[in-house]
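The structure under discussion appears below in the form of structure tokens.
The values are calculated or read from the model by the stated rules, or taken from the named source; none is laboratory data. Everything numeric here is computed off the predicted structure, so don't read it as measured data. Backbone-built Cβ (ideal geometry, glycine too); neighbour counts: all protein chains shown. These accessible areas exclude ligands, DNA and RNA; they are computed on the full protein's heavy atoms, side chains included. Shrake-Rupley method; radii C 1.70, N 1.55, O 1.52, S 1.80 Å.
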Amino acid sequence: QTDARSRSDRLTRRVHKNEWLDHLEANFKQLLEVPDLTQLVGALSGIPALVVGAGPSLDQTLPLLRDASRRALVLAAASAIGPLTRLGSPPQIAVALEAKDESRQFAGADFSQTLLAAATSGHPNHFRAWGGLRGLFHLQSWLPPLTGLGQVLPTGGHATSAAFSLALLLGCDPIILVGQDLAYTDGRIHASGRPGGEDEGIPDLVEVPAIGGGAARTSEIMLSYLNWYQESADYLRRKHPDRRVINATAAGAEIAGFLHLPLEEV
């Protein structure tokens with residue numbers, strides 16, 4: 001598992017390194033205008049957080065998320081903005097970090113209700129296309145010392161991992177994952193109505209333990225995301241055993257170290 005995550009990390013860096021640098025050049029002016037969200041350490045201590053991804057099981061979980069923002073801080077991958085907004089329950093924070101332009105995921109967003117958290121090495125259109133409040137974070141460890149602000153935000157390379165780390169930094173407890181299948185559920189990788197991803201083929205698959213028993217099929221990239229969550233849970237168990245992490249995803253891969261509960265119980 002460590003080797004698989006390492007291969008995925010090396011490949012990502014090799015493919016996107018120059019692209020990230022170009023994006024940083026274009027986004028550098030944002031440092032003068034947009035606050036660094038990692039300065040808000042402990043600002044929401046003890047507030048529950050829902051971290052929402054756009055995995056296929058979000059379709060069955062979505063009705064339970066209506067009015068969720070009255071009970072918890074809702075952080076979502078930008079890919080989940082559409083489903084949540086159509087439900088009438090937009091997230092308070094949407095996270096975008098992709099190197100390619102995924103601003104189409106903002107279609108239908110309620111800019112008055114949601115703050116965008118965007119990576120400084122992400123595509124510049126994420127900052128340009130957002131019509132509401134914005135915050136930023138850094139994926140490169142050398143940027144916070146350069147700016148003198150904040151800290152690097154650890155991620156597993158995908159938006160929901162950044163949302164998880166941001167919730168942890170804010171002091172949220174418990175942190176609850178939803179729509180994080182990290183596997184092909186009924187042969188699909190995304191929730192219905194999620195813009196983007198249509199060009200993704202199904203790669204060679206591996207089997208991992210599934211939520212509720214049995215096996216789920218996942219890709220090497222999603223396996224690296226799964227391993228990152230498991231490493232994070234192990235880190236928290238050792239360093240911050242009082243912090244609770246729950247996986248309330250309805251289907252997909254089991255995440256070792258997380259308590260698995262139906263969202264109704266949570």
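Here the range 103-125 is the region considered, the condition is being touching a residue at least 60 places away in the same chain (Cβ under 8 Å) and not in a strand (DSSP E or B), and the residue that is most open to solvent (accessible area, probe 1.4 Å) is Arg104. The set of residues in the range 222-244 that are in contact with a strand residue (DSSP E or B) (Cβ under 7 Å, 6 or more places away or on another chain) and buried (at least 23 other Cβ atoms within 10 Å of the Cβ) contains only Leu226. Can you name every residue in the range 244-266 that is closer than 16 Å to Ser161 by Cβ and touching a helix residue (DSSP H, G or I) at 6+ places or on another chain (Cβ under 6 Å)? Once the filter is applied, which keeps residues that are closer than 16 Å to Ser161 by Cβ and touching a helix residue (DSSP H, G or I) at 6+ places or on another chain (Cβ under 6 Å), the range 244-266 yields Val245, Ala253, Ile255, Ala256, Gly257, Phe258.
When the range 65-84 is filtered for residues that are more than 10 Å from Leu50 (Cβ to Cβ) and open to solvent by 20 Å² or more (accessible area, probe 1.4 Å), the ones remaining, listed by number, are Arg66, Asp67, Arg70.
Name every residue in the range 126-164 that is assigned to a helix (DSSP H, G or I) and within 23 Å of Glu33 (Cβ to Cβ), in order of residue number.
Listed by number, the residues that qualify are His126, Phe127, Arg128, Ala129, Leu143, Pro144, Pro145, Leu146, Thr147, Ala159, Ala162, Ala163.
Consider the range 207-219 and keep the residues that are within 22 Å of the chain's Cα centre (by Cα) and farther than 12 Å from Thr185 by Cβ. The one that is modelled with the lowest pLDDT is Ser219. A count restricted to the range 85-102 and to residues that are surrounded by 20 or more Cβ atoms within 10 Å (Cβ to Cβ) and not in a loop (DSSP other than H, G, I, E, B) stands at 5. May I ask you to list the residues in the range 150-196 that are among the hydrophobic types (A, V, I, L, M, F, W, C), touching a strand residue (DSSP E or B) at 6+ places or on another chain (Cβ under 9 Å) and over 24 Å from Leu73 (Cα atoms)? Answer for the range 150-196, where residues must be among the hydrophobic types (A, V, I, L, M, F, W, C), touching a strand residue (DSSP E or B) at 6+ places or on another chain (Cβ under 9 Å) and over 24 Å from Leu73 (Cα atoms): just Ala183. In the range 126-161, of all residues being open to solvent by less than 50 Å² (accessible area, probe 1.4 Å) and of a type in the set (Ser, Thr, Tyr), the one that is farthest from Lys100 (Cα to Cα) corresponds to Thr147. Please find, within the range 22-46, the residue that is farthest from Leu153 (Cα to Cα) out of those that are among the aliphatic types (A, V, I, L, M) and open to solvent by less than 90 Å² (accessible area, probe 1.4 Å). Among them, the one singled out is Ala26.
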